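Reviewing the structure listed below.
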Amino acid sequence: MRFLMHKPEFRSPPARFPRRPLAVLAWLLLQGTTVGAQVVQAASDEPPLQLKTSPLLQEQVDPASRGSLPTFIFAERIFGRPDLETVLEGRAELRRGDLVIKADRLEYDQPTDLARASGSVLINRAGNVYEGPLLELKLDSFAGYFDQPRYYFLKNDAHGEADRVDFIDAQRAVIHNATFTTCRRLPGPSWLPDWILRAASITLDQEEDVGTAKGALLSFKGVPLLPIPYLSFPLSDKRKSGFMPPTLGLDTVNGVEFSIPYYWNIAPNRDATFTPTVMSKRGVNLGTEVRYLEADYSGQLRLDLMPVDQLRDNRRWGLNYLHQSQVSNGLTRRLTDGGLALNLNLNRVSDDNYWRDFSRASGSLTQRLLPSDATLTWSNGYFANSVRTLKWQTLQDATSPIIPPYDRLPQLTTRYARNNIGGFDVAVNADYTRFESTSALTGQPNAHRAFSSAQVSWPWLGAASFLTPKLQLHATQYQFDAPFKSATSATRVVPTFSVDSGLVYEREARYFGRSFLQTLEPRAFYVKTPYRDQSALPNYDSGAHDFNFATIYTDNAFVGNDRISDSDLLTLGVSTRLLDPDTGAEAARLGVAQRLRFRDQNVTLLPTDAPATDRISDILLGASINWDPKWAFDSTVQFNPTTKRSVRTTMGARYNPGHYRVVTAAYRYQRELSQQLDVGWQWPLNDLWGERGQELGAGRGQGDGRWYSVGRLNYSLNERKLVDSILGFEYDAGCWLGRVVLERLQTSTTSATQRIMFQLEFVGFTRLGINPLKSLKDNIPGYQYLREPTSPSSRFSNYD
């Protein structure tokens with residue numbers, strides 16, 4: 001018999017007919033009603049229940065409405081007493097919301113709301129399944145126990161068995177003498193999982209997605225690995241506070257490294273990680289990372305402190321702090337368009353050798369020039385303004401000294417820009433900066449500099465062409481703290497005139513059986529700047545522009561405001577592109593450009609530099625091809641037409657036919673300086689013997705039993721040696737991953753650090769060893785994690 005029950009409203013007598021669906025069912029049964037698959041509804045003046053369509057199945061049941069949900073029961077025999085008990089025998093089944101109970105025999109005691117089930121008992125609650133011989137459970141509170149259960153958890157695909165499960169409530173349970181693994185169960189009585197956690201007790205909190213084990217032992221391949229008196233582990237990808245897996249590693253400089261991180265989930269938008277690390281050759285390093293995210297501000301702080309470094313015999317520390325915020329209140333909204341934006345980037349270390357000794361610290365701390373930068377920006381109408389302070393820490397090396405850059409204490413800037421004023425675009429820039437550094441090292445006095453520029457342009461845009469004449473005026477004034485070349489101040493005024501023009505032709509084309517929209521885009525750029533002697537001016541922030549396709553069409557050969565090149569140049573270039581006519585995606589691009597110089601450039605970066613006298617520049621040749629989504633190629637060549645030799649060449653290629661299959665190669669050449677070959681890859685080794693694997697998507701691997709090779713090699717052809725390298729293997733067994741990676745980083749021309757990283761990842765549980773994933777992700781272009789958080793599994797994917 002099958003009955004669909006809902007909670008009716010009886011108008012009288014309430015004492016005899018309490019509002020319990022099973023009580024109504026029992027009363028009808030004992031009155032001799034024998035019907036199949038019928039709906040029992042109390043007599044009522046209210047309209048009958050109406051079914052409504054829903055575009056989605058309800059993933060989660062609202063706890064507040066759980067008690068009012070209808071109850072469905074199925075069985076071969078149903079009998080009982082009204083208001084007391086109901087008994088179901090033979091394929092008994094009870095359903096309410098996301099709860100399903102199946103058994104050979106099912107008894108329900110109405111006064112206590114207690115269900116007793118025996119014989120092949122199964123509970124499925126929101127996709128979590130328990131199976132065993134005997135169950136007692138209160139349906140509304142979900143409190144009770146289950147003897148000798150086997151269980152499966154939906155969120156992490158974990159399963160196990162135990163002597164008993166005590167259900168505390170709908171979200172919490174205690175499992176006694178339990179096992180826990182995510183290895184897929186295989187048929188046969190002799191099956192054993194590759195890894196298993198055995199514990200005296202495991203407490204599960206589904207609300208917090210946290211499990212805790214006491215008296216636990218983790219075994220791998222039948223070998224006990226780690227006895228654990230107390231362990232906390234996640235039941236999903238949700239963050240939680242607690243100790244993270246310990247890491248153990250070996251470094252040629254620091255020796256044996258052992259750390260036990262502690263993660264503190266302060267709030268959904270705040271957390272902290274504390275990482276004490278013991279280094280056998282150095283001592284103890286205390287690492288702290290704090291992150292926060294609010295609606296108007298966010299930031300990250302990382303601090304490493306080593307009270308005593310046994311190798312250097314002093315205290316070592318490194319600090320990195322990032323902060324972004326938007327200050328918006330009544331006052332700032334009245335004075336600005338959208339409030340004030342504050343950005344902080346602070347970097348400091350204890351000494352000059354920090355970058356060499358701790359090469360795997362935060363990326364910003366492994367450089368020799370460490371900026372501490374604070375910037376406040378705001379806009380008001382056509383004005384954009386900023387206040388900035390920038391202070392550098394220069395890490396000196398006796399074998400390779402660096403001239404320290406200038407601090408900016410402070411820098412004030414403003415820009416006024418308006419477009420289409422009678423067809424003209426107008427912009428005015430102003431910059432005041434106080435430059436400070438060590439004069440003995442820079443060879444220049446500290447100074448105040450005021451710089452301003454005004455420009456007006458008339459852009460003309462046609463259907464297939466553009467023409468933009470522009471006139472600029474630059475004015476600069478210096479005030480030195482000490483005489484510089486017999487002067488305590490200096491001024492400079494320089495005008496610039498330029499014209500940028502181009503055409504865009506299009507046609508339909510067909511190459512290699514594919515249709516394209518092909519463009520032909522010639523471009524001409526002329527700039528005229530008269531000569532002004534700047535040899536008596538200091539250089540605080542100027543440098544030579546790199547020679548590439550982005551800078552060949554600029555009006556100044558220098559970056560910064562201390563040098564403005566005298567120019568009489570015409571740059572000619574042409575490019576062509578092949579575009580997909582349906583999507584607009586670029587399949588190929590070819591370009592060439594060259595400068596023609598009509599007179600010498602006498603303004604130089606340093607007074608000792610020779611003027612630029614060549615009438616024709618090197619030729620830039622560029623190509624980028626993305627003919628197939630699997631393949632990508634790009635190349636830039638700087639060719640000297642006088643010597644008929646390449647000055648600089650960069651070439652790169654990428655092959656990416658699918659997930660976990662990527663190979664990249666790059667060749668970089670600069671005449672008389674360097675010549676390097678760079679190769680990176682991630683590739684399944686099983687492909688070599690014909691096992692292609694499964695296409696499971698990103699973050700899920702390609703099936704069990706697959707090996708992957710990963711690596712990146714940077715080789716200097718001039719020195720005939722590896723500069724930086726990372727090489728390793730990954731193995732995916734389904735429920736566990738193994739990684740072994742060797743990393744070598746060059747710290748100077750004569751020294752390098754090496755370390756080996758070995759890690760076991762028990763999927764859905766924890767990781768042991770040194771985590772190489774950051775090194776792999778940072779160094780190998782296109783590298784993909786074998787496991788990544790994916791969308792949570794639906795309870796309907798494991799529906800009974």
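Considering only segment 397-413, state which residues are closer than 21 Å to TYR354 by Cα and loosely packed, with under 15 Cβ neighbours inside 10 Å. Residues satisfying the conditions are ASP397, ALA398, THR399, SER400, PRO401, ILE402, ILE403.
What residue, of THR468, THR488, is within 15 Å of ASP425 (Cα to Cα) and part of a strand (DSSP E or B)? Exactly one of THR468, THR488 is within 15 Å of ASP425 (Cα to Cα) and part of a strand (DSSP E or B), namely THR468.
When ILE552 is tested against (1) of a type in the set (Val, Ile, Thr); (2) assigned to a loop (DSSP other than H, G, I, E, B); (3) surrounded by fewer than 13 Cβ atoms within 10 Å (Cβ to Cβ); (4) in contact (Cβ under 8 Å) with a residue 24 or more places away in the chain, only condition (3) is not met.
Of the listed requirements (1) outside any strand (DSSP E or B); (2) closer than 26 Å to CYS183 by Cβ, PRO224 misses just one: (1).
Restricting the first member to segment 209-230 and to residues that are of a type in the set (Ser, Thr, Tyr), and the second to residues that are open to solvent by 70 Å² or more (accessible area, probe 1.4 Å), the beta-carbon pairs closer than 8 Å and six or more apart or on different chains are THR212/TYR230; SER219/ARG198; SER219/LEU225; TYR230/LYS214. Between LEU331, LEU346, LEU335, the distinction of being buried (at least 16 other Cβ atoms within 10 Å of the Cβ) and either on the phi < 0 side of the Ramachandran plot or among the aliphatic types (A, V, I, L, M) (or both) belongs to LEU346 only.
Looking across ALA158, ALA143, ALA178, one residue alone is small (Gly, Ala, Ser) and in contact (Cβ under 8 Å) with a residue 40 or more places away in the chain. It is ALA158. From the list LEU606, LEU578, the one residue that fits, being open to solvent by 30 Å² or more (accessible area, probe 1.4 Å), in contact (Cβ under 8 Å) with a residue 40 or more places away in the chain and either more than 30 Å from ASN429 (Cα to Cα) or not charged (D, E, K, R) (or both), is LEU606. Taken together, SER567, SER635 contain a single residue that is in contact with a Lys or Arg (Cβ under 8 Å, 6 or more places away or on another chain) and open to solvent by less than 70 Å² (accessible area, probe 1.4 Å), which is SER567. Checked against (1) modelled with pLDDT under 90; (2) closer than 18 Å to MET244 by Cβ; (3) in contact with a helix residue (DSSP H, G or I) (Cβ under 9 Å, 6 or more places away or on another chain), SER748 passes all but a single condition, namely (2).
For residues in segment 777-794 being part of a loop (DSSP other than H, G, I, E, B) and closer than 20 Å to TRP707 by Cβ, which is most open to solvent (accessible area, probe 1.4 Å)? Of everything passing the filter in segment 777-794, GLU788 is most open to solvent (accessible area, probe 1.4 Å).
Might you let me know whether segment 713-721 holds any residue that is surrounded by 14 or more Cβ atoms within 10 Å (Cβ to Cβ) and among the basic types (Lys, Arg)?
No, segment 713-721 contains no residue that is surrounded by 14 or more Cβ atoms within 10 Å (Cβ to Cβ) and among the basic types (Lys, Arg).
For segment 299-311, the count of residues that are open to solvent by less than 70 Å² (accessible area, probe 1.4 Å), within 27 Å of SER241 (Cβ to Cβ) and touching a His at 6+ places or on another chain (Cβ under 7 Å) is at least one.
The requirement of being touching a residue at least 40 places away in the same chain (Cβ under 8 Å), under 20 Å from LEU578 (Cα atoms), touching a strand residue (DSSP E or B) at 6+ places or on another chain (Cβ under 7 Å) and not basic (Lys, Arg) is satisfied by TRP627. Scanning segment 758-776 turns up one or more residues that are within 23 Å of TYR262 (Cβ to Cβ), of a type in the set (Asp, Glu) and either open to solvent by 70 Å² or more (accessible area, probe 1.4 Å) or in contact with a strand residue (DSSP E or B) (Cβ under 6 Å, 6 or more places away or on another chain) (or both). Among the residues of segment 233-277, the ones that are modelled with pLDDT of 85 or more, closer than 23 Å to LEU301 by Cβ and not acidic (Asp, Glu) come to 18 in all.
Taking the criterion of being under 42 Å from the mean Cα position of the chain (by Cα) and open to solvent by 60 Å² or more (accessible area, probe 1.4 Å), the residues of segment 437-457 that qualify are THR438, LEU441, HIS448. Across segment 658-686, what is the total count of residues that are more than 23 Å from the chain's Cα centre (by Cα) and either crowded, with 16+ Cβ neighbours inside 10 Å or part of a strand (DSSP E or B) (or both)? Total satisfying the criteria: 14. Scanning segment 458-486 for residues that are crowded, with 18+ Cβ neighbours inside 10 Å and either touching an Asp or Glu at 6+ places or on another chain (Cβ under 6 Å) or at pLDDT 95 or above (or both) turns up LYS470, GLN472, HIS474, THR476, TYR478, PHE480.
Determine if segment 524-534 includes at least one residue that is assigned to a loop (DSSP other than H, G, I, E, B), of a type in the set (Ser, Thr, Tyr) and without any contact (Cβ under 8 Å) to a residue 24 or more places away in the chain. Scanning segment 524-534, I find no residue that is assigned to a loop (DSSP other than H, G, I, E, B), of a type in the set (Ser, Thr, Tyr) and without any contact (Cβ under 8 Å) to a residue 24 or more places away in the chain, so the answer is no.
Return the residues of segment 108-160 that are farther than 30 Å from ARG700 by Cβ, part of a loop (DSSP other than H, G, I, E, B), open to solvent by 20 Å² or more (accessible area, probe 1.4 Å) and among the charged types (D, E, K, R); say none if nothing qualifies.
The answer is ASP140, and nothing else.
Scanning segment 555-573 for residues that are under 39 Å from the mean Cα position of the chain (by Cα), among the small types (Gly, Ala, Ser) and assigned to a strand (DSSP E or B) yields a total of 1. Within segment 687-706, the set of residues being polar (S, T, N, Q) and open to solvent by 90 Å² or more (accessible area, probe 1.4 Å) comprises just one member, GLN694.
Among the residues in segment 182-202, are any in a strand (DSSP E or B), modelled with pLDDT under 90, under 34 Å from the mean Cα position of the chain (by Cα) and buried (at least 18 other Cβ atoms within 10 Å of the Cβ)? Looking through segment 182-202, none of the residues is in a strand (DSSP E or B), modelled with pLDDT under 90, under 34 Å from the mean Cα position of the chain (by Cα) and buried (at least 18 other Cβ atoms within 10 Å of the Cβ). Checking the stated criteria, GLY703 turns out to be farther than 30 Å from THR252 by Cα and either in a helix (DSSP H, G or I) or of a type outside the set (Asp, Glu) (or both).
With respect to ASP628, is the statement that it is at pLDDT below 95, over 16 Å from PRO522 (Cα atoms) and surrounded by 12 or more Cβ atoms within 10 Å (Cβ to Cβ) true? No, not satisfied. Annotation note: of ALA178, ALA126, the sole residue that is within 37 Å of the chain's Cα centre (by Cα) and under 19 Å from ALA216 (Cβ atoms) is ALA178. Close Cβ contacts (under 7 Å, 6 or more residues apart or on different chains) running from residues in segment 99-114 that are under 23 Å from GLN171 (Cβ atoms) to residues that are basic (Lys, Arg) and surrounded by 18 or more Cβ atoms within 10 Å (Cβ to Cβ) comprise LEU99/ARG125.
The residue pairs whose first member lies in segment 243-268 and is on the phi > 0 side of the Ramachandran plot, whose second member is surrounded by fewer than 19 Cβ atoms within 10 Å (Cβ to Cβ) and not in a strand (DSSP E or B), and whose beta carbons are closer than 8 Å, counting only pairs six or more residues apart or on different chains, are GLY255/SER280; GLY255/LYS281.
The values are calculated or read from the model by the stated rules, or taken from the named source; none is laboratory data. Fair warning: this is a prediction, and the values are worked out from it, not measured in the lab. Using ideal geometry, Cβ is built from the backbone for each residue, glycine included, and neighbour counts are taken over all protein chains shown. Ligands, DNA and RNA are excluded from the accessible area calculation, which covers all protein heavy atoms including side chains. Shrake-Rupley method; radii C 1.70, N 1.55, O 1.52, S 1.80 Å.
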